[in-house]
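Some notes on the structure that comes next.
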Amino acid sequence: MWAKYKRSSFELFLSYINWALTTSGLPKITDQHRHIYITSLDLIKTIKKSKKWRLYVADGASSLNETECKAIATCCVRSADGRMRKDWLRDKVASCLLIKHGFHPVDCWRVKIQNCSHNPTYVDRAMERKPYYIINGHKTKDAGKKVSNVVSCGCAHDHDEENWNCEYNLFHTLVTDLGVERSQQGIFHCTNKGGYGWSNRGQQKTETIGKSIQRINKRIQFAPKKKCTGAMGRKTFITLSRKFFGFEDEKIKDESHHADHNAYMRYVDGGYMNVDSQTLISRTFQEFEQRRYLPPRPESFPRRVRNVEHNLGQLTESVDMLIKLLITFLKQLKKLQSFTVL
Ligand SMILES: [Zn+2]
């Protein structure tokens, strides 16, 4: 069965079964009613373990679920006595960049204050104040190409400086707190020993971006099944925007800076196959067999000379035709002239 369907359609199939069971008066496939469907469920489990199944599972990290995302986006950055916790703030900003903007962990790593431009007085078309930051940088896989991402205000109406779920507020606080003296270094180049805990000892001593999500998950008491990595944030961005909010692939690609459509599709869906490129050669062969296509042939020198001669012959024929036409035209003109003179 797995050879025919992709993973996503398989999950759809399972939810369809659940729906069909309830409409026919049978209990859903849940833990309480597991004993009824045990044989089929065991079969599915063994299928999932098999190598063939794994070929159809998408590449890379798994994504966080909806509740985890909401909890991360709304988690607190102040301790009980109202003081700003610097490490909490930085963790939240890093996670938001990954989950809500589709940053690659390397993109996060490259964010510097000097590359950020800032418009605090921007008013949108609904005449509400929505300030934003533009983060300029380089593309992850294609370092020479310049890209930019925008972090903008997420308040309900006019920007509220006390709203700690507004992404602009978080980013602005982090940037202003770091100040001019750290504008050359990356925002997230740090260890987690008290406050921001800056380290100048190279990347080995500094933290990975994935640690931010890991710590937040621990703090909001979501015990993740697997170790949280930075790539999980990016995966979450694509999964949520594609399957949950229903955005188009082109729009998502623009923001996550996937240049290659095939690479993007393979990232999203392990069973994806570009049929056109896979069958291009065989289709060309078939066209050749059926005499609908002649391949370009590498030519020898004498053959090429003969071709040139042939083409030149055609050219001289057409020149002859042109001269004949001109002569007849001139003759006509002469007749006309003689007529006017008379
Ligand atoms: Zn705001």
Next item on the list: Determine whether the stretch 246-258 contains at least one residue that is exposed (fewer than 13 other Cβ atoms within 10 Å of the Cβ) and closer than 17 Å to residue 66 by Cα.
Entry: yes
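Kindly indicate which of 279, 284, 229, 236 is closer than 17 Å to residue 105 by Cα, among the hydroxyl-bearing types (Ser, Thr, Tyr) and modelled with pLDDT of 85 or more. Show your work before the answer.
Working: 279 fails: closer than 17 Å to residue 105 by Cα; 284 fails: closer than 17 Å to residue 105 by Cα; 229 fails: modelled with pLDDT of 85 or more.
From the options 279, 284, 229, 236, the qualifying one is 236.
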Check: For the stretch 130-180, which residues satisfy the criterion of being within 16 Å of the ligand (Cβ to nearest atom), in a strand (DSSP E or B) and crowded, with 16+ Cβ neighbours inside 10 Å?
Finding: 132, 133, 151, 152
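The values are calculated or read from the model by the stated rules, or taken from the named source; none is laboratory data. Values in this document were obtained by computation on a predicted structure and should not be read as measured data. Counting neighbours? That spans all protein chains shown, and the Cβs are built from the backbone with ideal geometry, glycine included.
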